[in-house]
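The values are calculated or read from the model by the stated rules, or taken from the named source; none is laboratory data. This is a predicted model, so every value here is computed, not measured. Note: ideal-geometry Cβ built from the backbone for every residue, glycine included; neighbour counts use all protein chains shown. Side chains are part of the model used for accessible areas, which takes the heavy atoms of the whole protein and leaves out ligands, DNA and RNA. Shrake-Rupley method; radii C 1.70, N 1.55, O 1.52, S 1.80 Å.
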Amino acid sequence: MINKLWQKNVTPTAEIERFTVGRDRELDLFLAESDVIGSMAHITMLESIGLLAKDELETLLRELRSILGTIKAGEFVIEEGIEDVHSQVELMLTRRLGDVGKKIHSGRSRNDQVLLDLKLWTRRQIRDIADLTKALFDELQTQSERYKDVLMPGYTHLQVAMPSSFGLWFGAYAESLADDMLFLQAAYRMANRNPLGSAAGYGSSFPLDREMTTRLLGFDSMNYNVVYAQMGRGKMERNVAFALASIAGTVSKLAFDACMFNSQNFAFVKLPDECTTGSSIMPHKKNPDVFELTRAKCNKIQALPQQVMMIMNNLPSGYFRDLQIIKEVFLPAFGELRDCLQMTAYIVSRMKVNEHILDDPRYDLMFSVEEVNRLAAAGTPFRDAYRQVGLDIEAGRFTPHKEVHHTHAGSIGNLCTDRIRALMEQTLADCHFERAEQAEAQLIG
Ligand code: ARG
């Protein structure tokens, strides 16, 4: 008699297998390259402490290099019945080399192996995100400088408020990215510590040379305490997710502004025709779908820290299989953010602004504060000047002077583009991405 929904002609063990392996055979492909590079460092260290012979090391390294080639060629698969990337690589080595392949796992557990893979992979991803964020930053600053003398309305409460400029608008998003980069740098530095050697979470009786693997892999340091190293699973992902969310928050706000300012009712900016999409019924439509999708995708990325936390938050110390599920939300997020950054940079660089928007009299009143300030500068106390201009407006006597003279730091007339650029460049330089890259290149040989 069938008493379980899932009980058919399959044995329960196969179902358990399916459930516990989950999406690892697909998702672990993201980690394949890092898994092999991590193994190269691990076995190099094993040889140095006498757990592998020199010729065994050479043979294994040669084979791992060949597996790396398979991965780079896009031909690596995790076979049916094989649980994860770690098992697949070990299987390939034992198939090709016999017993020597079985030696690579001394002093290691899949727990520190997957920790290491995630850190090596994430490190690389952060670098790519940083590059694309910088590219968007550059486009924004270019547009900011190009249109620094073109005024636009500024709003509070979505009510016409004070003069702003396209220079300020583009430049604001550039500066926002410079701040976001601080989070990315912090996340990178925390990710860039070596967990290898923590094994199942409690170290090993082999005299592992963890300084050596730290150096070989170009980590800034190690996670010293082996229990803490294992606690990094989930913590690293959460911290990096916060950094991604910070960037995504900037991009989604920009996307909303761009959609709104592109609407006919605002008409401040014009998205290039080739970047808009049409309607199946309304022949005149040029919709800003790219920015709408960007907005939604970036909002989704802003939920990533919460997703990671909901999965791992209340776990005690030590490894749990729960952690495997984080990969499902964490790994795909980088590609999505990369896509949004690229699209946004592409459109921003082609965006045209409406240089005559302020000819429209509906914006006249935003020059009221300029008038108050002019009177105040000429000696009228501010509150009296405010009242006088207010009464003129009510009586329909207000005529705007449309040229503005803002000179202080960060204002329409003084954007501080170079100083903002210096902040961004300093933060990027302090990441020292090149160290990890050089170490990996050397290890691969
Ligand atoms: N797929 C597992 C993960 O992502 C790998 C570690 C398995 N370790 C274990 N003790 N079952 O967490």
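A few remarks follow.
- Number of residues in the stretch 103-122 that are open to solvent by 10 Å² or more (accessible area, probe 1.4 Å), away from the ligand (no atom under 12 Å from the Cβ) and either under 16 Å from Leu341 (Cβ atoms) or part of a helix (DSSP H, G or I) (or both) equals 2.
- Pick from the stretch 1-43, criterion hydroxyl-bearing (Ser, Thr, Tyr), more than 22 Å from Thr122 (Cβ to Cβ) and modelled with pLDDT of 65 or more, ranking: farthest from the ligand (Cβ to nearest atom): Thr13
- Subset of the stretch 186-209 (residues that are buried (at least 20 other Cβ atoms within 10 Å of the Cβ) and either over 19 Å from Leu51 (Cα atoms) or more than 15 Å from the ligand (Cβ to nearest atom) (or both)): Ala187, Tyr188, Ala191, Asn192, Asn194, Pro195, Gly197, Gly201, Leu208
- Residue match in the stretch 146-166 (condition: out of contact with any Phe, Trp or Tyr (no Cβ under 9 Å at 6 or more places or on another chain) and either open to solvent by less than 10 Å² (accessible area, probe 1.4 Å) or within 16 Å of the ligand (Cβ to nearest atom) (or both)): no
- Residue identified as within 20 Å of Ala200 (Cα to Cα) and free of Cβ contacts under 8 Å to residues at least 60 places away in the same chain among Glu83, Glu90: Glu90
- Residues of the stretch 300-330 that turn out to be away from the ligand (no atom under 12 Å from the Cβ) and part of a helix (DSSP H, G or I), as a count: 11
- Residues of the stretch 73-87 that turn out to be open to solvent by less than 30 Å² (accessible area, probe 1.4 Å) and within 12 Å of the ligand (Cβ to nearest atom), as a count: 4
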